[in-house]
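Working notes, beginning with the structure itself.
The values are calculated or read from the model by the stated rules, or taken from the named source; none is laboratory data. Because the structure is a prediction, the values reported are computed rather than measured. Every residue, glycine as well, gets a Cβ built from its backbone with ideal geometry; the counts of neighbours run over all protein chains shown. All accessible areas refer to the heavy atoms of the entire protein, side chains included, with ligands and DNA or RNA removed. Shrake-Rupley method; radii C 1.70, N 1.55, O 1.52, S 1.80 Å.
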Amino acid sequence: MSDEARDRILARVRAASRRAAESEVDAALAALGRGPAPRPLHGDPRVTLLARLLRNQAAVDAVTDRTAAVRAIGEFLGARHGSRKLVAGQDPRLAALPWRDAGLLPRFGEVEPGDLAAVSYARLAIGETGSVVLTSGRDNPGRNNLLPEDHIVLVNGEDVVAGLDDLWPALQARLGAEQRPRSLQLISGPSSTADIALEMVFGAHGPRALQVVLVARDAPDCLAAARSLPG
């Protein structure tokens, strides 16, 4: 038998072995089924999202339209820095916001040294984990989520899914196979650590403050419900 023929036979054996192993794994996973979903804090995933963000020390706002959204951002920046400047990605939804209505001065691009605040638009959000979901790319540069002192994230009410398992089908439906990002960032609060002497410190390896603005017609009702939930 020639070396070439032997290599072909061995390659077929290895391929068959891999298929058999993968089939066994798939069968074992199917037999396990899905575990019970955690009990949500509220029947509305938007309420659960806001409640979990509050518990994670994030600032939250709930507004009914885009004009109110930029006003909320302006109030946040004014209270934090007394500034009207911020950096925004190239997301068309950010470009369309009425920034001048709140006297804000956005610069579109990536965060640079000295920039105090950046704003992003979440692709999705997850009520179960209290996370906003950001996709990497020109629309929302990854460094804008990590390097500024403060990070502001807008979320549309219809983009909030109930659980982590719901994220992937919803993301695929919105993006399609050709637009899959290189990475996802799930953010559930400001950067924090208690590694040293068990003392909580914010801004250890990311933004010191996170503000999430939920935009929906009934968003104020969602926030009131979130604040009324037991801590």
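Summary of values
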item: Charge context of PRO181, other residues only, Cβ under 10 angstrom, K/R +1, D/E -1; result: +2
item: Total charge dipole magnitude, region 1-55, about the Cα centre, Cβ charges on Lys, Arg, Asp, Glu only, Debye to nearest 20; result: 360 debye
item: Percent carbon-and-sulfur accessible area, the chain, ignoring ligands, DNA and RNA, probe 1.4 Å; result: 52 percent
item: Debye, to nearest 20: dipole size of region 47-205, +1 on Lys, Arg Cβ, -1 on Asp, Glu Cβ; result: 360 debye
item: Prolate/oblate/rounded label for region 94-231 (Cα gyration tensor, a/c 1.5); result: rounded
item: 0 to 90° range, to nearest 10: angle between helix 3-32 axis and the chain longest Cα axis; result: 50 degrees
item: The chain - accessible surface per residue (Å², probe 1.4 Å); result: 57 Å²
item: Computed magnitude of the charge dipole of region 1-138 (debye, nearest 20; Cβ of K, R +1, Cβ of D, E -1); result: 140 debye
item: Total formal charge among the other residues, if their Cβ is under 13 angstrom from that of PRO113, Lys/Arg +1 and Asp/Glu -1; result: -3
item: Ratio Rg/Rh [Cα only; Rh per Kirkwood] for region 59-131; result: 0.96
item: Extension gain, ARG55 back to ALA30 (0.36 nm per residue minus Cα-Cα distance, nm); result: 5.5 nm
item: Relative intensity, log₁₀ I(q)/I(0), of region 17-57 from a Debye sum that treats every alpha carbon as a point, q = 0.14, 0.16, 0.19, 0.20 Å⁻¹; result: -0.56, -0.60, -0.64, -0.66
item: Computed Rg/Rh of the chain, alpha carbon atoms with Kirkwood Rh; result: 1.13
